[in-house]
Amino acid sequence: MIKLNSDQLIFSFPSLVDELRALVAEHTKDALPRILSEDRNYRAARPWYDQDKRRSAHEEILKRSDDWIRKAYASKVDTLVPREIEGQIGFQRTLRIPDDGKTYSLPPGLGQYPLRHVDDYASAVPSRWLERGGVLMPMYQAEALWLNFHGDYPISIKIGAGKINALTGEEWQGGLHQSPQDYLVLSKQPWIDGFAVSKGVIRQFVATPLGDGCTVEEQVTGKGEFGGIQIQAYPMKARIYFDQFIKESLPDSLSDLLPEPFIDEWPNRLYCAMAWRESEDSDLEMGLGMGGRMHQEIYEDSYGLAAWDLEATSRCFLHLCNALQWREITGTNPPQAPVTAKEYEKAGLPWFDYYRDDLAVLEGSKILAGLKSVREMRSEIKGHVGTPETGVTVPVVLSCGPKKRPGQVREWVE
């Protein structure tokens, strides 16, 4: 099931919640009687570095009744089973980085694109949009975007640009594949900014008119047939999730009913406050082409293909329209175009980096690496090379991941 809420696509799998609750209930039949039969006069098994806390915990357990233990067990279990299994995908407006041969850090999020149900505008959208369903979103020509992912439950996500896979460069196929891997894993991958062209490097998603020959779809297939973006989600199987994420955390003794430790958070890349500027646009349907180069790692699936429920899948088509189309279809103004990279550089605001060393990184696609950027394609179509885009200086790079790159010193930013 797919929902649209606060301009985010939400892929929801309610049937998996019932499966997980059934698995927990089966486990409880054995575990709870064993806990109730424990000798209360024991030393708490959980390690406590503070001896006073350990003594206090021991005394608390001694005076608890069976009824209290049942309620504490139920409360603990309730926190482990997700009430909803959802994966949220937002579409962030961002700086279009220069296509100058350099490899840049991650640009900021400048707010979400608005999304609307295609079916709400049945009389105004092309008939082919109605056949595909989904949502529509406005983009200016040459504007860039990135996708951010939220959700605690592992979900594999396939992303297509005009039915060309953004990780492999191959034409869209049903199901999931690992040679090469044609999907990313939500909960491991926080975002994706572009097409995976090599290990640790992507080329930015940039909007370009469908039919001008510059989209990735047209370069691979020779046709501008679909445009837009399509996303398909496959959740982890309930049994796999239970075994890997719930079973070991279920209470197995009285000491397991003690409080959980505190967990730190790290800096957030989203919603860097900036002003907006006006921009003109033409009346064309949009697809995605390649922009500048950026440091970004796409992580290998550490769970394996067998972990994913290929039957419980949802797929959504996101139609890209330009500013004039958006006004004509929805009757509302599109967002103003974001600031340029030069304007961002002048303001002295930070860029970002995300790093983790516990997951392998995909090598990138040889197919995509062989394609041309929007700037290169337009220069080729016009018959001349054209002047390279002017680069920008990146003054501060903030780490927004759980790890820092080897040798990196965290900068102080007031």
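For the subset of the stretch 344-358 comprising residues that are of a type outside the set (D, E, K, R) and over 19 Å from GLY194 (Cβ atoms), which member is surrounded by the most Cβ atoms within 10 Å (Cβ to Cβ)?
PRO350
As an exercise: evaluate VAL220 against (1) in a loop (DSSP other than H, G, I, E, B); (2) at pLDDT 95 or above and give the number of the one condition it does not meet.
(1)
Kindly indicate whether LEU95 is touching a Pro at 6+ places or on another chain (Cβ under 8 Å) and buried (at least 20 other Cβ atoms within 10 Å of the Cβ).
yes
Please specify each residue of the stretch 195-249 satisfying the condition of being farther than 24 Å from TYR303 by Cα, β-branched (Val, Ile, Thr) and crowded, with 24+ Cβ neighbours inside 10 Å.
Selection gives VAL206, THR208, THR215, VAL216, ILE229.
Do you know which residues across the stretch 80-108 are part of a loop (DSSP other than H, G, I, E, B) and either touching a Ser or Thr at 6+ places or on another chain (Cβ under 6 Å) or over 20 Å from TYR140 (Cα atoms) (or both)?
The answer is VAL81, PRO82, ARG83, GLU84, ILE85, ASP99, ASP100, GLY101, LYS102, SER105, PRO107.
With farther than 10 Å from LEU254 by Cα and either at pLDDT 85 or above or surrounded by 15 or more Cβ atoms within 10 Å (Cβ to Cβ) (or both) as the only criterion, which of ASP67, ASP52 stands out?
ASP67
Within the stretch 124-162, can you find the residues that are crowded, with 19+ Cβ neighbours inside 10 Å and of a type in the set (Lys, Arg)?
Passing the criteria: only LYS158.
Take the residues in the stretch 323-338 that are in a loop (DSSP other than H, G, I, E, B) and in contact with a strand residue (DSSP E or B) (Cβ under 6 Å, 6 or more places away or on another chain); name whichever of them is modelled with the lowest pLDDT.
That would be PRO338.
With the requirement that a residue be surrounded by fewer than 18 Cβ atoms within 10 Å (Cβ to Cβ) and among the aliphatic types (A, V, I, L, M), what does the stretch 313-340 give you?
LEU324
Could you grab me the full set of residues in the stretch 99-125 that are touching a residue at least 60 places away in the same chain (Cβ under 8 Å) and over 22 Å from PHE205 (Cα atoms)?
Correct list: HIS117, VAL118, TYR121, ALA124, VAL125.
Restricting the first residue to the stretch 13-42 and requiring it to be surrounded by 16 or more Cβ atoms within 10 Å (Cβ to Cβ), which pairs with a second residue that is among the hydroxyl-bearing types (Ser, Thr, Tyr) meet a Cβ separation below 6 Å and a spacing of at least six or different chains?
The qualifying pairs are LEU32/TYR73.
Out of the residues in the stretch 250-289 that are at pLDDT 75 or above and in contact with a Phe, Trp or Tyr (Cβ under 6 Å, 6 or more places away or on another chain), which is nearest to ILE202 (Cα to Cα)?
LEU288
Any idea which residue in the stretch 290-322 is farthest from ASP100 (Cα to Cα), counting only those that are assigned to a strand (DSSP E or B) and charged (D, E, K, R)?
Out of the qualifying residues, it is ARG315.
Please specify each residue of the stretch 141-198 satisfying the condition of being more than 24 Å from THR221 (Cα to Cα) and among the acidic types (Asp, Glu).
Correct list: ASP152 only.
If VAL374 satisfies all but one of (1) surrounded by 13 or more Cβ atoms within 10 Å (Cβ to Cβ); (2) modelled with pLDDT under 85, what's the number of the condition it fails?
(2)
Which of the residues that make up the stretch 152-171 are at pLDDT 95 or above, touching a strand residue (DSSP E or B) at 6+ places or on another chain (Cβ under 6 Å) and not in a strand (DSSP E or B)?
Passing the criteria: PRO154, ALA166, LEU167.
Count, please, the residues in the stretch 1-42 that happen to be more than 30 Å from LEU318 (Cβ to Cβ) and part of a helix (DSSP H, G or I).
Count: 16.
Looking only at the stretch 359-371, which residues are closer than 25 Å to THR215 by Cα and either buried (at least 20 other Cβ atoms within 10 Å of the Cβ) or among the aliphatic types (A, V, I, L, M) (or both)?
Matches in the stretch 359-371: LEU362, GLY364, SER365, ILE367, LEU368, ALA369, LEU371.
Only one of (1) modelled with pLDDT of 95 or more; (2) touching a Pro at 6+ places or on another chain (Cβ under 8 Å); (3) charged (D, E, K, R); (4) within 22 Å of VAL206 (Cα to Cα) fails for ASP309. Which number is that?
So ASP309 meets the others, but not (4).
When you scan the stretch 339-374, how many residues do you find that are out of contact with any Cys (no Cβ under 9 Å at 6 or more places or on another chain), farther than 28 Å from SER179 by Cα and part of a helix (DSSP H, G or I)?
6
Are there any pairs, at least 6 apart or on different chains, whose C-beta atoms fall under 6 Å, with the first in the stretch 239-251 and touching a residue at least 40 places away in the same chain (Cβ under 8 Å) and the second of a type in the set (Gly, Ala, Ser) and assigned to a helix (DSSP H, G or I), and if so, which?
ILE240/ALA307
The values are calculated or read from the model by the stated rules, or taken from the named source; none is laboratory data. Everything numeric here is computed off the predicted structure, so don't read it as measured data. Virtual Cβ from ideal backbone geometry, glycine too; neighbours counted across all protein chains shown.
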